[in-house]
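A.B. asks: Shown below is the structure under consideration.
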Amino acid sequence: MNHQSDYDKIEKTARAKSIAAHTITYLFLAVWAVIVLFPFYWMILTSLKSYGAYNSEYIPKFYTLSPTLRNYADAFTAVSLGRYLLNTLIFTVITTAIMLVVITLAAFAFARLEFRGKNAAFVLFLSMMMIPNELVIITNFITITDLDMRNSFAGLILPSVTSVFYLYLLKENFEQIPDNLYQAAKVDGTSDLKYLIRVMIPISKPTLVTITILKVIECWNSYVWPRLITDDPRYFLVSNGIQEIRENGFGRENIPAMMAAVVVISVPLIVLFLIFRKKVMEGVSRGGTKG
């Protein structure tokens, strides 16, 4: 009986410690979630306040008793936000599609093909990751201007059709595929392109999905390059649209309408990430692990 009683005490103590540890963990996660999500809550809340109600608040309120959707209508009428969204969609889709083709072919070449200077070329590509993007913007601007591509989708897209980081991530994933599959395919007379399309791409689908989503987010949030290479509103992206709303969209600084525009711009990315979040995590873990 004493042994059973001691065992019960030990079990109860262990259970209490486990409950306490879980409670502290979930409490920490809850606090962290509030910190992370609060800016989104404040953005949506502000977008639902009228211009007069927002400016009458000497002390910001964390709620509103009279929400309105007028700011969303103002965001689309003050500037051509719909046109900017369409431009951004075109820019994002074309840039991402071209980049996927480029890095897939390049990653296959570095991972499976043998040619002179392969390692040196790959090291050279990796060294480019050490160069800040700001240093190449001037060179890209001069090149695009000399090619007479300013204020065009071609000028927006061309500097963004490749990425050393995504190339490296995909190459590492390709190298995890066993060599005997490639050798067996070559014995069967399969061409390198067919092997890439039928074997390597399906196996590496999670990584490709991850790269696609990350590139879409990158293109959607692009600001410096579009702002530099375009001064024609016909080619403005949503990031330029937010700046235009701030500068001359209303003739005054209408913060609620600006927040409404930000909500409209942010929703597609949030939905995209929520839908494919598992694929993103799987792709990143597979791309960074060998064996």
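The values are calculated or read from the model by the stated rules, or taken from the named source; none is laboratory data. None of these values were measured; they are calculated from a predicted model. So basically every Cβ, Gly included, is an ideal-geometry build from the backbone, and we count neighbours across all protein chains shown.
A.B. asks: Suppose we filter the range 212-241 for residues that are part of a loop (DSSP other than H, G, I, E, B) and surrounded by fewer than 20 Cβ atoms within 10 Å (Cβ to Cβ); how many remain?
C.D. replies: Qualifying residue count for the region: 4.
A.B. asks: Is it the case that residue 125 is of a type outside the set (Val, Ile, Thr), in a helix (DSSP H, G or I), surrounded by fewer than 14 Cβ atoms within 10 Å (Cβ to Cβ) and at negative phi? So that I can check it myself, show each step before the final result.
C.D. replies: Working: of a type outside the set (Val, Ile, Thr): yes; in a helix (DSSP H, G or I): yes; surrounded by fewer than 14 Cβ atoms within 10 Å (Cβ to Cβ): no; at negative phi: yes.
So residue 125 fails the test.
A.B. asks: Just name the residue that is nearest to the chain's Cα centre (by Cα) out of those in the range 152-211 that are under 30 Å from residue 137 (Cβ atoms) and assigned to a loop (DSSP other than H, G, I, E, B).
C.D. replies: 163
A.B. asks: Could you tell me whether the range 248-257 includes any residue that is among the polar types (S, T, N, Q), surrounded by fewer than 15 Cβ atoms within 10 Å (Cβ to Cβ) and under 30 Å from residue 142 (Cα atoms)?
C.D. replies: yes
A.B. asks: On the given criteria, is residue 135 part of a helix (DSSP H, G or I), surrounded by fewer than 10 Cβ atoms within 10 Å (Cβ to Cβ) and either of a type in the set (Asp, Glu) or out of contact with any Leu (no Cβ under 9 Å at 6 or more places or on another chain) (or both)?
C.D. replies: yes
A.B. asks: Just one of 106, 30, 111, 97 is more than 30 Å from residue 204 (Cα to Cα) and either outside the structural domain of residue 215 (by TED's automatic domain parsing) or assigned to a helix (DSSP H, G or I) (or both); which is it? Write out each step before concluding.
C.D. replies: On the way: 106 fails: more than 30 Å from residue 204 (Cα to Cα); 111 fails: more than 30 Å from residue 204 (Cα to Cα); 97 fails: more than 30 Å from residue 204 (Cα to Cα).
Selected residue: 30, the only one of 106, 30, 111, 97 that is more than 30 Å from residue 204 (Cα to Cα) and either outside the structural domain of residue 215 (by TED's automatic domain parsing) or assigned to a helix (DSSP H, G or I) (or both).
A.B. asks: On to the next question. Evaluate the range 51-74: report whether one residue or more is at pLDDT 80 or above, part of a loop (DSSP other than H, G, I, E, B) and assigned by TED's automatic domain parsing to the domain that holds residue 154.
C.D. replies: No, the conditions are met nowhere in the range 51-74.
A.B. asks: Right, residue 42: exposed (fewer than 13 other Cβ atoms within 10 Å of the Cβ) and more than 30 Å from residue 155 (Cα to Cα) or not?
C.D. replies: no
A.B. asks: Does any residue in the range 118-142 that is polar (S, T, N, Q) come within less than 6 Å, Cβ to Cβ, of a residue that is in a helix (DSSP H, G or I) and modelled with pLDDT of 85 or more six or more places away or on a different chain, and which pairs are these?
C.D. replies: Here the result reads 140/159, each pair linking the range 118-142 to a residue that is in a helix (DSSP H, G or I) and modelled with pLDDT of 85 or more.
A.B. asks: Hey, among the residues in the range 177-200 that are at pLDDT 85 or above and buried (at least 16 other Cβ atoms within 10 Å of the Cβ), which one's nearest to residue 101 (Cα to Cα)?
C.D. replies: If we take residues in the range 177-200 being at pLDDT 85 or above and buried (at least 16 other Cβ atoms within 10 Å of the Cβ), then 196 is nearest to residue 101 (Cα to Cα).
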